[in-house]
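Just below is one structure, and these are the notes that go with it.
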Amino acid sequence: MRRIGLPLLSLSLLVGCAPALAPIPAASTVAPPMAWRTSLEGRAEIEPQWWNAFGDPALAWIVAAARANNPDIAIASARVREARGQERASRSLLVPTLDGSTGVSEARSLNAFGTASRSLGVQPVFQAAYEVDLFGRNRAQVDAASANTAATQAAREAAALAVTATAVSGYITLLTLDRRLETLRETLGARAEALKIARDRAEVGYTSQLELRQAQAEYRAAQQQIPAVEASIARQENALSQLIGETPRALARGGNFAGLQTPAIPAVFPSELTRRRPDIAQAEFNLAASDARMRAARAQFLPQLRLAGSAGAVLSSQLDDPVGIWSFGGSILAPLFSGGRLEGQFDAATAQRDQAAFAYQRTVLTAFREVEDQLVLIDRLGEQERALVAQREAVADALRHATNRYRAGYSPYLEQIDAQRALLSVELALLQVRSDRLTAHVALYQALGGAPESEA
């Protein structure tokens, strides 16, 4: 009893010397709000292919190509495979290892009678070893690897969601630029007509050279804006081409800007957000992995029990029959003095766990802010759009009156110029607001986590 009791007493003393595990900091917890600050009526659930709600077939093709060929998604997928390999390697800690070896020797010697002799020997041996996971160190390492795999999978979902949102926003921007170019060309045509009238009147002396020069200046002012927009269209096509994994080229449109449909506001409650966002899932799995590594660091203070055995045979030309050999034993490795190495590793692992906890908090707070930002943006852009529509009607009516008065000779050309400038400014502002509102819907879908179940 004394022989057994002494090792058990020593073991209990070593267990008692291990540091205690610190809980997750209470300050890192986040309670979701009961409702969104900006209340917009949610009318639909998020569909797996939510980008189809914009009603453009070319957009669906671009998104599919981006999700299939984008390098960022490919890199994220490769990281998932890497993490799975590391997890599979870590699970080897839980099972015995088996190795085989064969030794071959040949010798020539003299016996006691002075006669030379040669001998050939072969010794095959199988060795097995196993570490008994008394205090869960190996299991904790496997748990860390498993959580890391889940984190990389969530990171891939986040990358796919980001690429999807970028593709949709980029296509909306492309159609916006197309419509901007059409508006400028329409304006250029109107000013070309006004320039012709001014030139005809100047030739017969009905109007001054000042009005002619004003008409020419306005025509050139509209004309010089077109190349800049055309360059922006080309750059946007190049950016989308890169996004879908292709070299720069022209992209087909499925429709025009006016044909884009405004999606419904998704009906998602704040309490659901933490379960939908892939970046929150990634932060949560990173926290679980760091917590498992902290437990593994604590287990380093505790004894390790290793079992080992071997079995084989000796075959020799000097022997008539093979001779079997075997061995079996165990060892206990207990840390007695490490110069502060184990303490430092445990403190570092604990601090890393706390960092992961606060990183999770930051991710959750950012998620709620992003949703609220897009909700209020959609709401305010809607108000701005309605005001611009009314302003455009008033400015268009003012332009008709100014044009009629100028052609009838009741007002100078300057009045028509001012009305044209005002109408162009309002139309471009209205176009940009509508584009921003559609883009805000895309950002809202991304902020709500899209539809993670659709990720491959």
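Say whether the condition of being over 41 Å from the mean Cα position of the chain (by Cα) and assigned to a strand (DSSP E or B) is met by at least one residue in region 333-350.
There is at least one residue in region 333-350 that is over 41 Å from the mean Cα position of the chain (by Cα) and assigned to a strand (DSSP E or B).
Yes or no, residue by residue, for (1) within 30 Å of ASP279 (Cα to Cα); (2) in a helix (DSSP H, G or I); (3) modelled with pLDDT of 90 or more:
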{"site": "GLN123", "(1), (2), (3)": "no, no, no"}
{"site": "ASN148", "(1), (2), (3)": "yes, yes, yes"}
{"site": "ARG156", "(1), (2), (3)": "yes, yes, yes"}
{"site": "LEU161", "(1), (2), (3)": "yes, yes, yes"}
{"site": "LEU195", "(1), (2), (3)": "no, yes, no"}
{"site": "ARG201", "(1), (2), (3)": "no, yes, no"}
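Report, by residue number, each residue of region 267-277 that is of a type outside the set (A, V, I, L, M) and surrounded by fewer than 22 Cβ atoms within 10 Å (Cβ to Cβ).
Of everything in region 267-277, those that are of a type outside the set (A, V, I, L, M) and surrounded by fewer than 22 Cβ atoms within 10 Å (Cβ to Cβ) turn out to be PHE269, PRO270, SER271, GLU272, THR274, ARG275, ARG276.
Given ALA422, ALA402, which one is touching a residue at least 24 places away in the same chain (Cβ under 8 Å), touching a helix residue (DSSP H, G or I) at 6+ places or on another chain (Cβ under 7 Å), surrounded by 13 or more Cβ atoms within 10 Å (Cβ to Cβ) and at negative phi? Quick ask: steps written out before the conclusion?
Working: ALA402 fails: touching a residue at least 24 places away in the same chain (Cβ under 8 Å).
ALA422 is the lone residue from the list that is touching a residue at least 24 places away in the same chain (Cβ under 8 Å), touching a helix residue (DSSP H, G or I) at 6+ places or on another chain (Cβ under 7 Å), surrounded by 13 or more Cβ atoms within 10 Å (Cβ to Cβ) and at negative phi.
Has region 355-370 got any residue that is outside any helix (DSSP H, G or I) and not aliphatic (A, V, I, L, M)?
From region 355-370, those outside any helix (DSSP H, G or I) are none; that's our starting set.
No, because not a single residue in region 355-370 is outside any helix (DSSP H, G or I) and not aliphatic (A, V, I, L, M).
Out of ALA202, ALA222, ALA283, I need the residue that is out of contact with any Ser or Thr (no Cβ under 6 Å at 6 or more places or on another chain), at negative phi and of a type in the set (Gly, Ala, Ser). Which one?
Testing whether each residue is out of contact with any Ser or Thr (no Cβ under 6 Å at 6 or more places or on another chain), at negative phi and of a type in the set (Gly, Ala, Ser) leaves just ALA202.
Considering only residues of region 217-235 that are under 33 Å from the mean Cα position of the chain (by Cα) and touching a residue at least 24 places away in the same chain (Cβ under 8 Å), which is nearest to ARG421 (Cα to Cα)?
The initial filter retains those residues of region 217-235 that are under 33 Å from the mean Cα position of the chain (by Cα), namely 228-235.
Next cut, touching a residue at least 24 places away in the same chain (Cβ under 8 Å) only: 229-230, 232-233.
On the way: VAL229: 18, GLU230: 21, SER232: 22, ILE233: 23 Å.
Applying the filter and picking the extreme gives VAL229.
Give me the pairs, please: first residue somewhere in region 183-203 and within 18 Å of GLN224 (Cβ to Cβ), second residue anywhere and among the hydrophobic types (A, V, I, L, M, F, W, C), beta-carbon distance under 6 Å, and either six or more positions apart or on two chains.
Listed pairs, sorted by first residue: LEU184/ILE226; THR187/ALA222; THR187/LEU424; LEU188/ALA222; ARG191/ALA222; ALA194/ALA215; LEU195/ALA215.
Test each condition in (1) under 30 Å from ARG306 (Cβ atoms); (2) part of a helix (DSSP H, G or I) for VAL376 and report the one that comes out false.
The one condition VAL376 does not meet is (1).
Per-residue answers, yes or no, for (1) more than 30 Å from ARG421 (Cα to Cα); (2) free of Cβ contacts under 8 Å to residues at least 12 places away in the same chain:
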{"residue": "GLY205", "(1), (2)": "no, yes"}
{"residue": "GLN214", "(1), (2)": "no, no"}
{"residue": "GLU237", "(1), (2)": "no, no"}
{"residue": "GLY255", "(1), (2)": "no, no"}
{"residue": "LEU260", "(1), (2)": "no, no"}
{"residue": "GLU272", "(1), (2)": "yes, yes"}
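Keeping to region 366-397, report how many residues are more than 24 Å from the chain's Cα centre (by Cα) and acidic (Asp, Glu).
5
Is it the case, given these coordinates, that ALA267 is touching a residue at least 12 places away in the same chain (Cβ under 8 Å) and under 21 Å from VAL442 (Cβ atoms)?
The answer is yes for ALA267.
Test GLU427 against the stated conditions and say whether it is in contact (Cβ under 8 Å) with a residue 12 or more places away in the chain, surrounded by 13 or more Cβ atoms within 10 Å (Cβ to Cβ) and more than 46 Å from the chain's Cα centre (by Cα).
no
Out of all the residues in region 388-437, which are over 20 Å from GLU182 (Cα atoms), of a type in the set (S, T, N, Q) and at pLDDT 90 or above?
GLN391
Per-residue answers, yes or no, for (1) surrounded by fewer than 16 Cβ atoms within 10 Å (Cβ to Cβ); (2) under 30 Å from TYR130 (Cβ atoms); (3) at pLDDT below 85:
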site: LEU307; (1), (2), (3): yes, yes, no
site: ALA313; (1), (2), (3): yes, yes, yes
site: SER317; (1), (2), (3): yes, no, yes
site: PRO322; (1), (2), (3): yes, yes, yes
site: LEU333; (1), (2), (3): yes, yes, yes
site: SER338; (1), (2), (3): yes, yes, yes
site: ALA357; (1), (2), (3): no, no, no
site: ILE378; (1), (2), (3): no, no, no
site: GLU383; (1), (2), (3): yes, no, no
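Among the residues of region 22-60, what is the count of those that are exposed (fewer than 15 other Cβ atoms within 10 Å of the Cβ) and part of a helix (DSSP H, G or I)?
Residues flagged as exposed (fewer than 15 other Cβ atoms within 10 Å of the Cβ) and part of a helix (DSSP H, G or I) within region 22-60 amount to 3.
Only one of these conditions is not met by ALA140: (1) small (Gly, Ala, Ser); (2) over 29 Å from GLN446 (Cβ atoms); (3) modelled with pLDDT of 95 or more. Which number is it?
All conditions pass for ALA140, except number (3).
When you look at ARG235, is it in a helix (DSSP H, G or I) and not polar (S, T, N, Q), yes or no?
yes
The values are calculated or read from the model by the stated rules, or taken from the named source; none is laboratory data. Because the structure is a prediction, the values reported are computed rather than measured. Note: ideal-geometry Cβ built from the backbone for every residue, glycine included; neighbour counts use all protein chains shown.
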